[in-house]
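**Q** I'd like to ask you about the structure that follows.
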Amino acid sequence: MNNLNAVGHKHIIGHKELTDHKSPLRFDPDFVYISAVDNKGLPLKDKLAAGEKVLRGTVLGTRPDFSIPVISSVSGTIKEVKKLFNSTLGRPTDFFVIENDKKYEAVDRPLLKDDISKEEFISAVQNAGLVGMGGAGFPTYLKYKTNKKISYLIVNAVECEPYLTTDYKALQERLNSVIVGMEKIVKTFGLDKAYLCFKKSKKDLIEPVKKALQGHDKLELHLVPDVYPAGYERTLVKFVLKKTYNVLPIEVGAVVNNVETIAQIGDLFIGTENLGFRTYTFSGDALKNNNNVICPVGTLIGEIIKFLGGYNTEDDVMIVIGGPMTGKAARSEEIALMNNNSGITVFNIKKLEHEYKPVACWHCGKCIEVCPSSLQPVLIRMALGREDYKSADKLGIMSCVSCGSCSAICPSHIDLAQDFAKGKLITKIKVGTKK
């Protein structure tokens, strides 16, 4: 199944107005909870013990999966290591519990020099523990540690997921760090061009960004249509470079980074007070107050919901880690925010059940029209319904990127994306596909 040719072309209601006009709020928790395992569930190497004092930026241990450090987001004391639900792994794992002294004293981290080698850049990014902040959390240094020629940097600030506005706020609040990060990468790797991408609908950002880019000949603003999923990596590369690839963007000479990640790279050169912090959007129809919140990584979801005034309903609510299109439902409020989380959306379950009660499929084909991977969701669902996993595999279920476009467009309110997420797991087991 060819998943290279389609691009997103469906506008969806974003609900960005709930938070995009508000100044972010600052929250200082009494405790933070930092994962003590890697993304495979393996314990960190050289892990610190309970009772040890830490500073903001102290290495708590090293991830064995990608050899990157896990750092403390606050200064204080490690009180214990306890089990907490891990939103990345979907099960309880060990977490450091760090009491925040709220002084936020930081480790001494020398700034990077203007003229550094590729190897020095890669080492610095690795030692800083930087990971992608747009969702996947892939270690940033690995994108640059390649034998292939990097010609283009694409900075993704498209943020097409409904409700979330953290990338928008990054361009408002941290534009200088973004520009510095882009410029240093261009210089270090000898790039042909670096593109800063966001939607045409963000009209208030266009002139400030154009002004900031003046004098930077190889940095360019690239506006994309207000469609979903324009921020999906494969779609964005096609919008910008008019090229397609098989597995990774480096095949067409490109590296794609989230705008927050680039801001953190810029901070390595110019210094920052943001070490250990990031901005998270809290939005949805079940919250009393919607806003972006700046807080240390490892803050519990429930504490910020309480800080924002709690819920506006006594009905049951659904807490989603991320946005409604690609996010995952949280089991409870006692889940720690991680580096790669962009925000939390909260919905009234009774309202969802009333407005989105599923009915029988009409076989209208709208899901086929919007699929960015050129799949035929209606046929895949039929194959899954009769437990024909070989046919589902042949129809390309493993190429589904879980963007949620099919679920959003379905007039029958069938949650195809959820069906496919389960179907992919079963297909992998039954058919033995390695994708």
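**Q** Looking at Val237 and the list (1) assigned by TED's automatic domain parsing to the domain that holds Asp20; (2) in contact (Cβ under 8 Å) with a residue 60 or more places away in the chain; (3) closer than 18 Å to Ala136 by Cα; (4) aliphatic (A, V, I, L, M), which single condition is not satisfied?
**A** For Val237, the failing item is (1).
Listed here are the residues, each with its yes/no results for (1) under 26 Å from Tyr144 (Cα atoms); (2) in contact (Cβ under 8 Å) with a residue 24 or more places away in the chain; (3) aliphatic (A, V, I, L, M).
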residue	(1), (2), (3)
Leu18	no, yes, yes
Lys40	yes, yes, no
Leu44	yes, yes, yes
Leu48	no, yes, yes
Ser67	yes, yes, no
Val74	no, yes, yes
Phe85	no, yes, no
Pro92	no, no, no
Asn100	no, yes, no
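**Q** Something else now. Just checking, does region 72-84 include any residue being touching a helix residue (DSSP H, G or I) at 6+ places or on another chain (Cβ under 6 Å) and at pLDDT 95 or above?
**A** Scanning region 72-84 turns up no residue that is touching a helix residue (DSSP H, G or I) at 6+ places or on another chain (Cβ under 6 Å) and at pLDDT 95 or above.
**Q** Can you give me the number of residues within region 329-344 that are more than 21 Å from Val70 (Cα to Cα) and out of contact with any helix residue (DSSP H, G or I) (no Cβ under 8 Å at 6 or more places or on another chain)?
**A** Quick first cut of region 329-344, residues more than 21 Å from Val70 (Cα to Cα) only: 329-333, 344.
From the residues that got through so far, the ones that are out of contact with any helix residue (DSSP H, G or I) (no Cβ under 8 Å at 6 or more places or on another chain) too are 329, 331.
Matching residues across region 329-344 total 2.
**Q** Can you list the strands (runs of 3 or more DSSP E) lying wholly within region 64-151 that have 2 or more residues being among the polar types (S, T, N, Q) and either over 18 Å from the mean Cα position of the chain (by Cα) or more than 24 Å from Asp192 (Cα to Cα) (or both)?
**A** So the answer is 76-86, 91-100.
**Q** Cβ-Cβ below 6 Å, separation at least six or inter-chain, first residue in region 246-259 and hydrophobic (A, V, I, L, M, F, W, C), second crowded, with 19+ Cβ neighbours inside 10 Å and not in a helix (DSSP H, G or I): which pairs?
**A** Correct list of pairs: Ala254/Tyr152; Ala254/Ile154; Val255/Ile150; Val255/Leu153; Val256/Ile154; Val256/Asn156; Val259/Val155; Val259/Ala157.
**Q** Here is a further query. Among the residues of region 25-40, are any surrounded by 16 or more Cβ atoms within 10 Å (Cβ to Cβ), out of contact with any Gly (no Cβ under 8 Å at 6 or more places or on another chain) and at positive phi?
**A** no
**Q** Which residues, counting only those in region 19-74, are of a type in the set (Ser, Thr, Tyr) and within 20 Å of Ile305 (Cβ to Cβ)? Walk me through it before giving the result.
**A** From region 19-74, those of a type in the set (Ser, Thr, Tyr) are 19, 23, 33, 35, 58, 62, 67, 72-73; that's our starting set.
Thr19, Ser23, Tyr33, Ser73 - these are the residues of region 19-74 that are of a type in the set (Ser, Thr, Tyr) and within 20 Å of Ile305 (Cβ to Cβ).
**Q** Okay, moving on. Restricting the search to region 389-418, which residues are crowded, with 19+ Cβ neighbours inside 10 Å and of a type in the set (S, T, N, Q)?
**A** Ser405, Ser407
**Q** With respect to Val131, is the statement that it is modelled with pLDDT of 95 or more and on the phi < 0 side of the Ramachandran plot true?
**A** So Val131 fails the test.
**Q** Now for a different question. All but one of (1) closer than 23 Å to Phe282 by Cα; (2) basic (Lys, Arg); (3) outside the structural domain of Asn341 (by TED's automatic domain parsing) hold for Lys113; which doesn't?
**A** (1)
The values are calculated or read from the model by the stated rules, or taken from the named source; none is laboratory data. Predicted, not measured: the structure shown is a model, and the values here were computed from it. A quick note on method: Cβ atoms are made from the backbone with ideal geometry, for glycine too, and the neighbour counts reach across all protein chains shown.
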